[in-house]
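So the structure is just underneath, and the comments pick up after that.
The values are calculated or read from the model by the stated rules, or taken from the named source; none is laboratory data. Everything numeric here is computed off the predicted structure, so don't read it as measured data. A quick note on method: Cβ atoms are made from the backbone with ideal geometry, for glycine too, and the neighbour counts reach across all protein chains shown. All accessible areas refer to the heavy atoms of the entire protein, side chains included, with ligands and DNA or RNA removed. Shrake-Rupley method; radii C 1.70, N 1.55, O 1.52, S 1.80 Å.
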Amino acid sequence: MSPSTSSEPSTPATDHPLIIELWTDLGCPWCYIGKHRLEQAIAAAAPVSQVQLTLRSFELDPDMSATAVPIPEVFVAKHGGTTEQARRMEAQMAELAQAEGLPYSVDRPAANTFDVHRVLHLARAHGVAAALFSTLQRGYFAGELNPFDKDELVRVAAEAGVPAEETRATLSGDTYAQAVRDERAAGLALGIQGVPFAVFNGTHAVAGATSFEGYTTAIAQALGVPA
C-alpha cells in the first residue's frame with residue numbers, strides 16, 4: 001500500500017524494478033514475522049533500479065467481532081482447547097518473533113481488522129500506507145497500541161500523514177469497504193488460503209512466512225539473477 005520507493009544503488013542495477021504484492025492482515029503474527037524477513041531479503045537483494053512493495057488487504061476472519069477481546073479468548077473460540085494452551089502457543093510465537101529482534105506481547109487485544117484495512121487504503125491515497133502499517137503492526141505486537149480503538153487509530157494515522165478528519169470520516173462511513181473486499185477476493189482467486197502471501201514481479205509466489213533465504217531466492221528468481 002505504498003508508492004514506489006527507490007534508493008541509489010552502489011552497483012549497477014538490473015533493468016527492471018522489483019514489484020512485490022504482499023497480502024497480509026494486521027492481526028496475523030506470521031505476517032509480522034514474514035514482513036520482517038521479506039524486508040531483510042529486499043535490503044540484501046541484488047541491486048535493482050526500483051523496489052515497489054504494495055500491501056494487499058486480506059482479512060483472515062471477516063466474521064470476527066469488532067469488539068476487542070484478549071487473544072486467548074479468540075484462540076479458544078476458534079480452535080477450542082484451553083486458555084492455558086492458547087497462552088503457550090502465544091509464548092512460542094513470542095520466542096520466534098524475539099529471535100528476529102521483534103518485540104512481542106502476549107497480552108494483546110484482538111478484533112475484526114476491517115476498519116484498519118479501510119484506513120490503510122486511505123493511507124495509500126496519501127502515499128503513507130506502508131509506513132502506517134509498519135507502525136501499527138509493530139506497536140500492536142509490542143503491546144504498545146490498540147489499533148481497534150478508533151481514537152488511537154486516528155492518532156497514529158495522523159502521525160503518519162493522514163489528516164485526522166479524513167480518517168474519522170472514513171471510519172464513520174463505508175469508504176474503501178469494497179476495496180478491502182475486492183483485494184481479499186483477488187487473493188482468493190490466486191488460491192490464497194492464508195497470509196502472508198507474496199507475489200514477485202507477477203511471476204513468483206511465496207505462501208506463508210518463509211525464511212529470509214526463501215524470500216531471497218524468490219526475489220532472485222523474479223529478477224532472473226543468481227540467488
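Converting phi to 3J(HN,Hα) with the Karplus coefficients 6.51, -1.76 and 1.60 and the offset θ = phi - 60°, segment 188-194 yields 4, 5, 7, x, 5, 10, x Hz in sequence order, with x at every glycine or proline.
For VAL48, the amide hydrogen comes within under 5 Å of the amide hydrogens of THR14, counting only partners 5 or more places away or on other chains and with H modelled in the peptide plane.
Taking segment 80-152, how much of its Cα-Cα pair set, in percent, is spaced more than 18 angstrom apart? Walk me through the intermediate numbers first.
On the way: 1270 of 2628 pairs.
Everything past 18 Å amounts to 48 percent.
Taking the charge dipole of the chain about its Cα centre, with +1 at Lys and Arg Cβ atoms and -1 at Asp and Glu Cβ atoms, the residue from ILE20, VAL128, VAL180 reaching farthest to the positive side is ILE20.
With every protein chain present, what is the per residue accessible area of segment 97-156 (1.4 Å probe, Å²)? Walk me through the numbers on the way to the answer.
Values: 2160 Å² over 60 residues.
Accessible surface, normalised per residue, equals 36 Å².
What the phi angles of segment 210-217 give under the Karplus curve with 6.51, -1.76 and 1.60, with θ = phi - 60°, is a coupling list of 6, 6, 3, 5, x, 5, 4, 5 Hz, glycine and proline written as x.
Please compute the Kirkwood hydrodynamic radius of segment 123-227 from all pairs of different C-alpha atoms, in Å with one decimal.
Working: mean 1/r = 0.0621 Å⁻¹.
It is 16.1 Å.
Go through 205-211, 169-175 and give me the packing order, highest mean Cβ count within 10 Å leading. Intermediate values should be presented prior to the final figure.
Working: 205-211: 17.0, 169-175: 13.7.
The densest-packed peptide leads the list: 205-211, 169-175.
Taking amide H positions as modeled 1.01 Å from N, with prolines and chain starts lacking one, the residues under 5 Å from ALA110 and 5 or more places away or on another chain are VAL69, ILE71.
Once Rh for segment 19-176 is found with the Kirkwood sum over Cα pairs, what is the Stokes-Einstein diffusion coefficient at 37 °C and 0.692 mPa s, in µm²/s?
Values: Rh = 16.5 Å.
Using the Kirkwood radius from Cα pairs, D works out to 199 µm²/s.
Rounded to whole numbers, the Karplus 3J(HN,Hα) couplings from phi for segment 70-84 are x, 3, x, 5, 5, 4, 5, 5, 8, 10, x, x, 10, 4, 5 Hz, using 6.51 cos²θ - 1.76 cosθ + 1.60 with θ = phi - 60°, and x at Gly and Pro. Across the accessible surface of the chain, with the other protein chains kept in place and a 1.4 Å probe, carbon and sulfur atoms take up 52 percent. Amide H contacts of ALA205: PHE200, each under 5 Å away and 5 or more positions distant or on a separate chain (H built 1.01 Å from N in the peptide plane; Pro and chain starts excluded).
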